[in-house]
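Input: a single structure, listed below in C-alpha cells.
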Amino acid sequence: LPADTTTGEEGNAASAAAGATNDCKSAGAAEEGDEKTDGGPTMAEDEISLFVRSISTANVEERALEMRERRLLRSELYGCFCRCMVGRVTQSQHPHDYKEHRSNGHAGCPTPGSDDDRKHPEETLATFLSQVANRALFKVAAEEACSKAKQLLLEREPRRLMPLQKLGTWLGLITLARNRPILARDLVLREVLFVAYSDGTLMAALSFVVGVLTATPRSHIFRPPNPWLMGQLGLLRELRDMGRLRAEMEACIEGLFAHVGIDMAEVEPTRLLARRPVHIGNLQQQQPSLRQLNP
C-alpha cells in the first residue's frame with residue numbers, strides 16, 4: 001500500500017482515536033499551562049485518549065491507581081474521558097499497538113494484553129471504573145453512553161449492530177450491575193423499543209436493549225421479581241409472542257432469557273404493542289401463495 005493509505009481496519013481504529021481526541025478539545029484547552037503546538041491537540045487531550053486506549057486486563061489495577069494519583073480526574077475532564085471510553089467500546093477493533101508518546105510522560109503505551117481487550121473492551125473498562133471508584137465519573141460515563149446510543153439508533157447502517165450491542169453491555173455493566181438505575185432523563189429502554197417497533201429498526205434496538213439487560217445477573221437489585229426488570233422482560237415476551245418477528249429478532253430475545261436464566265413462560269407479557277403500528281421491516285417476509293402467483 002502507498003505510504004498515505006491505510007487498511008479498513010487501521011482506518012477504523014484511527015478514526016475512532018481521532019474522534020475521541022476531538023471530543024476532548026474543549027476540556028483539554030481548559031488545562032492550565034497547556035499550549036497548542038502546530039495547531040494540533042493539547043497535551044491533555046492526547047494524553048487522555050492514549051491513556052484510555054492503553055487500559056488492558058493486564059494493567060487495569062495499575063492504570064486505575066495512576067488515574068487516581070494524576071490530575072486526569074478533574075471534573076472538567078470527566079466528559080472527555082468518558083467519550084474516549086465510549087469511543088473505544090464502540091469501535092470495531094482495538095488498535096494493535098501504541099507508539100511511544102514521550103512528550104506527555106508516556107514512555108510507550110502497552111499493547112492490550114489479550115484479544116478480549118480488543119474485541120470486548122467494555123468488561124475491561126468497567127473493571128477500570130470500579131477500581132477508580134469515582135461516583136461522579138460513573139454518572140458521566142452513563143450519560144455519555146446513553147447519548148451515543150441515541151446517535152447510533154438514528155443511523156441506518158447495518159454495521160451499527162455490534163457497536164450498539166457492546167454499548168448496551170457497557171451501559172449495563174456501569175449501571176445495573178452496580179445496582180444503579182438507568183435514569184429516565186438519560187434513556188428509557190421501553191421507548192427505544194416502541195420507536196423501533198414502528199420505524200423498522202427493531203433489530204438495532206434489540207441489540208442495544210438485550211446488551212443492557214445481560215448485566216442483570218450481576219445485580220443484587222435488578223433481578224426477578226424487580227418490577228422494572230420484569231416490565232422489560234414482559235415487553236420482550238410480548239414481542240416474541242407475536243410470532244411474526246424476523247427469526248434473528250426472536251433468537252435475540254430467546255438468547256437473553258437463556259442468559260439471565262429465566263423461563264419465558266413464567267414472565268407475564270405486557271399488552272403495550274397491540275395499538276401501535278408495526279413496520280413491515282420488522283416482520284418475516286411471507287412467501288406468496290400459489291393463488292397470489294397465479295390469480
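Listing for the model above:
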quantity	calculated
Matching option when the condition is more than 25 Å from E69 (Cβ to Cβ), open to solvent by less than 20 Å² (accessible area, probe 1.4 Å), in a helix (DSSP H, G or I) and small (G, A, S), among A126, A145	A145
Looking only at the range 205-226, and only at residues there that are under 30 Å from N134 (Cβ atoms) and of a type in the set (A, V, I, L, M), the one that is most open to solvent (accessible area, probe 1.4 Å)	I221
Residues located in the range 185-219, provided they are under 19 Å from V278 (Cβ atoms) and among the hydroxyl-bearing types (S, T, Y)	Y197, S198, T201, S207
Selected residue (only one of L245, L202, L235, L229 is under 26 Å from Q151 (Cα atoms), open to solvent by less than 40 Å² (accessible area, probe 1.4 Å), among the aliphatic types (A, V, I, L, M) and touching a Phe, Trp or Tyr at 6+ places or on another chain (Cβ under 7 Å))	L229
Test: residue in the range 63-75 that is within 24 Å of the chain's Cα centre (by Cα), assigned to a helix (DSSP H, G or I) and modelled with pLDDT of 90 or more	yes
Helices (runs of 4 or more DSSP H) fully within the range 185-295 counting 1 or more residues that are free of Cβ contacts under 8 Å to residues at least 24 places away in the same chain	189-199, 227-241, 247-260, 290-293
Residue in the range 185-195 that is modelled with pLDDT of 95 or more and in contact with a Cys (Cβ under 8 Å, 6 or more places away or on another chain) present	yes
Flag if T270 is out of contact with any strand residue (DSSP E or B) (no Cβ under 7 Å at 6 or more places or on another chain), of a type in the set (S, T, N, Q), closer than 21 Å to A145 by Cβ and surrounded by 14 or more Cβ atoms within 10 Å (Cβ to Cβ)	no
Qualifying residues in the range 173-184 (those that are open to solvent by 20 Å² or more (accessible area, probe 1.4 Å) and in contact (Cβ under 8 Å) with a residue 40 or more places away in the chain) - the one nearest to E122 (Cα to Cα)	A177
Scope the range 148-172; condition open to solvent by less than 60 Å² (accessible area, probe 1.4 Å) and basic (K, R); matching residues	K148, R160, K166
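The values are calculated or read from the model by the stated rules, or taken from the named source; none is laboratory data. Since the model is a prediction, treat every value here as computed from it, not as a measurement. Glycine also receives a Cβ, built like all others from the backbone with ideal geometry; neighbour counts cover every protein chain displayed. Protein only, heavy atoms only, side chains kept; ligands, DNA and RNA dropped before computing areas. Shrake-Rupley method; radii C 1.70, N 1.55, O 1.52, S 1.80 Å.
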